[in-house]
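Single-structure report; data block below.
The values are calculated or read from the model by the stated rules, or taken from the named source; none is laboratory data. What you see is a predicted model, and the numbers here were worked out from it, not measured in a lab. Every residue, glycine as well, gets a Cβ built from its backbone with ideal geometry; the counts of neighbours run over all protein chains shown.
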Amino acid sequence: MDNIETYKTSASAKINLFLRVCGRLPNGYHRLYTVMQEIDYCDELVVSIGGEGPSEIVVECEGRTDIVPKKNLCYKAADRFYASLHNKLAAEGSTDYQDGFPRTVIKLTKRIPSESGMGGGSSDAASVLIVLQEHFGSPFTEEELGKLAVNVGADVPFFLYGGTCLCESVGEDITPLASLSGLPVLIVKPAEGVSTPECFKAIDSAELQQIDNDAYTEYVSGLTKEKDSLSDKLEAFLAGGDLLVNDLQAPAIEAVPQIGEVIEALKEAGAPYAAMTGSGSAVFALFDSEEKANEVAEAVKNDPRAKDCRIELTQTV
Ligand code: C5P
């Protein structure tokens, strides 16, 4: 029997600490200026490479009928990886894998909700790229893998890094920042989701606000300095003040008004900061103490404005 290698890995979610939409590109995508933060809330993946059976990519997700294997971003990631590897080997005159790449079976256990703005699908895809890059002995440079990643999805390059990063352009221009790890995060996800393309379409009909580049550069430079305590980390984040805006929040609230109600409920319950992540519909609140986070979580659980919401307490990574 052919050798089969199995990799077990997890794929973390993200929140956008702020998100500015700076312009529209000819291909319909948007230029973004955002800080993404990894959180300790994960999908699990088991990737098996090799073994008997046809040379194909298989994506399985038990108990989820809404996941269409060939449309899943994990499939797209593996497919793009193998296409690029094929081209690279051909250019080098290599005859490796002439009979096809090894059978690749990706088993997904989903926990990160879809249509939440938490990047679950993108993170799964990045984990697949990381596994394949390792399995095949790092055939691509960091830059090549980044390009491959952004072609799979705008948020995928961030997940090759994780932690706290400034992400620019469509999402491929990544600058790692100082760690903001360990901050308690409360996630409140309304049952109704938001479609990312619809949300971006909605802002196209409104005039984009010019962003104050100098003010953001100064703020983000403060986020490059290492902080020791949780309160210093939260303070450094909150120093953004009026710059802490998510341009997708207003159109998302138009589509799902509960997003706005949940943000109000979190603020009233005492959260130092509450906003929507990405294109929603998940809302996050950040804290510097677990006690305070628990207190707000309890209050929100009993608040009718958070009816039918999924509520999870986690932390920044
Ligand atoms: O790349 P991804 O599939 O994650 O993007 C989903 C949708 O979000 C795109 O089809 C596009 O409508 C929108 N988007 C955008 N500009 C970005 C990222 C995403 O317009 N920078």
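Summary of values
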{"item": "Those residues of segment 203-226 which are assigned to a helix (DSSP H, G or I) and either of a type in the set (V, I, T) or in contact with a Pro (Cβ under 9 Å, 6 or more places away or on another chain) (or both), in sequence order", "result": "I203, T217, V220"}
{"item": "Some residue of segment 83-96 being small (G, A, S) and either in contact with a His (Cβ under 8 Å, 6 or more places away or on another chain) or part of a loop (DSSP other than H, G, I, E, B) (or both)", "result": "yes"}
{"item": "Search result, residues across segment 18-60 that are within 24 Å of N151 (Cβ to Cβ), of a type in the set (S, T, Y) and within 16 Å of the chain's Cα centre (by Cα)", "result": "Y33, T34"}
{"item": "Residue that is touching a Gly at 6+ places or on another chain (Cβ under 7 Å), farther than 15 Å from V35 by Cβ and not acidic (D, E), where the choices are S122, S138", "result": "S122"}
{"item": "Residue among G53, G28, G23, G63 that alone is small (G, A, S), part of a strand (DSSP E or B) and loosely packed, with under 15 Cβ neighbours inside 10 Å", "result": "G23"}
{"item": "S94 being out of contact with any Asp or Glu (no Cβ under 8 Å at 6 or more places or on another chain) and within 30 Å of F287 (Cβ to Cβ)", "result": "no"}
{"item": "Options V245, V283, V262: the member that is surrounded by fewer than 17 Cβ atoms within 10 Å (Cβ to Cβ), within 24 Å of the chain's Cα centre (by Cα) and either closer than 30 Å to K201 by Cα or at pLDDT below 95 (or both)", "result": "V245"}
{"item": "Among (1) within 16 Å of the ligand (Cβ to nearest atom); (2) closer than 30 Å to K301 by Cβ - the single one S229 does not satisfy", "result": "(1)"}
{"item": "Tabulated pairs, segment 196-224, first loosely packed, with under 13 Cβ neighbours inside 10 Å, second basic (K, R), C-beta under 9 angstrom, 6+ apart or interchain", "result": "Q209/R20"}
{"item": "Segment 181-201, subset part of a loop (DSSP other than H, G, I, E, B) and among the polar types (S, T, N, Q), residue nearest to the ligand (Cβ to nearest atom)", "result": "S195"}
